[in-house]
2 protein chains.
Amino acid sequence: MDTLETRELRYFVAVAEELHFGRAAERLGMAQPPLSRAIQQLERRLGVRLLARNRRGVALTGAGEVLLHEGRAALDATTAAARRTRRAGDGADGPDGPRNRLVLAVKAGASHELLHKLLDACAAEPGAAEIEVLPSGTCEQEAMLRDGRADVALLHTPYNSLAGFDSEELLTEGQIAVLPAGHRLAARKALSPEDIGDIPDLPLARWPRHGVYPPGPGPEIHDLTQLAQLIALGRTLAVFPDSARAWLWAEHAAVPLPDAPPVVTHIAWPAHSRSLALAALIRTATRL
Amino acid sequence: MDTLETRELRYFVAVAEELHFGRAAERLGMAQPPLSRAIQQLERRLGVRLLARNRRGVALTGAGEVLLHEGRAALDATTAAARRTRRAGDGADGPDGPRNRLVLAVKAGASHELLHKLLDACAAEPGAAEIEVLPSGTCEQEAMLRDGRADVALLHTPYNSLAGFDSEELLTEGQIAVLPAGHRLAARKALSPEDIGDIPDLPLARWPRHGVYPPGPGPEIHDLTQLAQLIALGRTLAVFPDSARAWLWAEHAAVPLPDAPPVVTHIAWPAHSRSLALAALIRTATRL
DNA sequence: CCCGGTGATACCCGCCAGGTATGACAGGCC
DNA sequence: GGCCTGTCATACCTGGCGGGTATCACCGGG
């Protein structure tokens, strides 16, 4: 009477995202009629109208939007429970006591130096947990923490949000514009954010934010190598924290952006975590 | 294969809390054998041993402890989804547009003045959400935010933890010792935390923290009136923020505790909240 | 007017959650 | 040792419900 089943949440989230029973059913690997019925039962049990059926597709009601948000969070929490439990039991007992393993999510290609120092420090620590580094797509570390693919992550404000996590500050850096070495602006000592917003021959590269690309003239970027190449070819420019200098090519030029907001790297973890291994890692990280 | 059902989580949490299949089954309103089988299936599906059966009761394995913590969080999230969805649809459309309603959890009897000012300010705000004040037991506001009984809460550090919530600071106050007016210490200008820890004839009252009472000689307190009476009768003393002076009796005396840590009142809400009504309330609160 | 597309309804079936009865096993007691 | 008790596991059965197929009701467009 009171408790939602995860199955129902999965079904509703699918329908709410697709706004189409047929496509949602396909995505769920089932037929459309039982899905319709399940949603109806859900609405009856909650005593709330979730979807406005418009004969031509479907729209979310206010309550539906609430359930979409809260339901996603709940689904993330349950899959996180499953994943973390599996990991906890995986190699539960090594040669000396329970073998602890932590999955650390990092933006692929970011914070090279910092990460290197962190891993070295952990390796030096006797009895510290084994760290598995999990490279993540753009801005995906937050989702990985929420759904249990990772136990701890390196996040970069203002690109990432720390909402819902506990965190410690690790490093603050300025930003640079990375552009083709031959470009006329490459010789400048500094640039401002306005300068690079509308260069006719060099549009700003676009990264996906939570899976969607912002509008704009620049190319859509999938990975760092691709971006590096496009910059080297003179087709785009991009903005990075200082530490990106580590992977620049000869054909790249870096120009400081003194007025851009500083990028702060944090180590972040789910607020309810109660793991000794994690606490040790955080202590190690903040001592760097 | 991959996703845990809430039913399984409920079952496991019950067993993990009782550490006894029979009692857990009773609590769940079902027979013991299907519960045993469900837990076995869960262990098989996760590929992980959750419970160590000791012929004489049951103990949690490491993975079991992880699932207990994460599973509780997941269950809270799903019941929160159900509750908030119900509330969102409840009186979804009032006379003028969607009627917004927020449930604000406050520790019963705390922050009288602040709360009064906040409610007045909200009432003055045109188009602001209707605020339902939900008095909570000791330290229960956090749980209420997590499981959706409340949308927003007033929390008091260091008694409450802000972990997992977004929050804004509202008020900082010192603490006072409340003791019988006739007591020899009532005339003192100030007391230190050590002073009040071991007064032979006046043991410190004990509040439940997350449902359990800390050990000690003092009486176990259930509500504020009861405590007030016990103090007035000269049976105990208690520590409160300054604002508690509002409800003191004539037979009470308040002595400042300048060395006690200050109590900071925060307004806190689930980090993932995206409600306009909530944002407005927070803006109102921080402007006080 | 018919046709394509959408969600709802009707009906059926097989699986699995849950119940009852019983077993297996360890410990305490006389 | 024999027995009882408490505990979890096993065996077996049943009913409900989750899911499938076929079909309907409805609307918009050519």
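The values are calculated or read from the model by the stated rules, or taken from the named source; none is laboratory data. In this text the structure is predicted, and so the values were computed from the model without any measurement. Cβ sites come from the backbone with ideal geometry, for glycine too, and all protein chains shown count toward neighbours. What goes into the accessible areas is simple: the full protein's heavy atoms, side chains included, and nothing from ligands, DNA or RNA. Shrake-Rupley method; radii C 1.70, N 1.55, O 1.52, S 1.80 Å.
Among the aspartates and glutamates, which have Cα under 12 Å from the Cα of B:Lys107 when same-chain residues fewer than 8 positions away are ignored?
Here the aspartates and glutamates satisfying the reach criterion relative to B:Lys107 are B:Glu140, B:Glu142, B:Asp223.
Please report which chain A residue places its beta carbon nearest the axis carrying chain A onto chain B, with the distance rounded to a whole angstrom.
Nearest residue, distance rounded to whole Å: A:Ala77, 2.
Using per-residue counts of other Cβ atoms within 10 Å, averaged over each peptide, order A:107-115, A:65-73 from highest down. Present the calculation step by step, with values, prior to reporting the outcome.
On the way: A:107-115: 17.6, A:65-73: 22.6.
Output ranking for A:107-115, A:65-73: A:65-73, A:107-115.
Taking a label point 7 Å out from Cα toward Cβ, give me the nm distances from A:His112 to the same spot in the other copies, shortest first, one decimal.
The projected label point of A:His112 is separated from its counterparts by 6.4 nm.
Which shape class, rounded, prolate or oblate, goes with the stretch B:17-135 when its Cα gyration tensor gives a ≥ b ≥ c as root eigenvalues, a/c under 1.5 marks rounded, and past that a/b bigger than b/c marks prolate?
It is prolate, given that a/c is not under 1.5 and a/b is the larger ratio.
Accessible area per residue for chain B in Å², computed with a 1.4 Å probe and the full protein assembly in place, what is it?
That works out to 49 Å² per residue.
Rounded to the nearest 500, what is the protein assembly as shown's calculated 222 nm mean residue ellipticity when only DSSP H runs of at least 4 contribute -39500 (n - 2.57) each, over all residues?
Dividing the helical sum by the residues of the protein assembly as shown leaves -12000 deg cm²/dmol.
Over chain A, what is the relative contact order in percent, taking alpha-carbon pairs closer than 8 angstrom and at least six residues apart?
Relative contact order for chain A comes out at 20 percent.
Size of the dipole of the stretch A:6-80 about the Cα centre, Lys and Arg at +1 and Asp and Glu at -1 on the beta carbon, nothing else charged, in debye to 20?
Its charge dipole is roughly 340 debye.
Enter the angle in degrees (range 0 to 90, nearest 10) between the Cα long axis of helix B:6-18 and the first principal axis of the Cα atoms of chain B, meaning the one along which they spread out most.
Approximately 60 degrees, to the nearest ten.
Using a 1.4 Å probe on the protein chains only, how many percent of the accessible area of chain A belongs to carbon and sulfur? Before the final figure, lay out each step's value.
On the way: 7460 of 14270 Å².
The C+S portion of the solvent-accessible surface of chain A is 52 percent.
For the stretch A:175-257, what relative contact order do you get, as a whole percent, if you take Cα pairs closer than 8 Å and at least 6 residues apart? Don't jump to the answer; show the numbers that get you there.
Details: 134 pairs, mean separation 42.7, N = 83.
Relative contact order of the stretch A:175-257: 52 percent.
Rounded to the nearest 20 Debye, what is the dipole magnitude of the protein assembly as shown about its Cα centre when Lys and Arg each give +1 and Asp and Glu each give -1 at the C-beta?
Details: 64 positive and 70 negative charges, 352 e Å.
The calculation lands at about 1680 debye.
When a/c reaches 1.5 or more, the comparison of a/b and b/c decides; with that in mind, is chain B rounded, prolate or oblate per its Cα gyration tensor?
On the way: a/c = 2.63, a/b = 1.29, b/c = 2.03.
Note, shape of chain B comes out oblate.
Check the straight Cα-Cα distances from A:Lys189 and name the aspartates and glutamates below 14 Å, setting aside those fewer than 8 residues away within the same chain.
Candidates past the 8-residue exclusion: A:Asp259.
Taking each label point as 7 Å beyond Cα in the direction of the beta carbon, state the distances from A:Ala181 to the same residue in the other copies, shortest first, in nm.
8.7
Hey, how many Å between the Cα centroid of the stretch B:200-252 and the Cα centroid of the stretch A:158-174?
Each part's Cα centre sits 41 Å from the other's.
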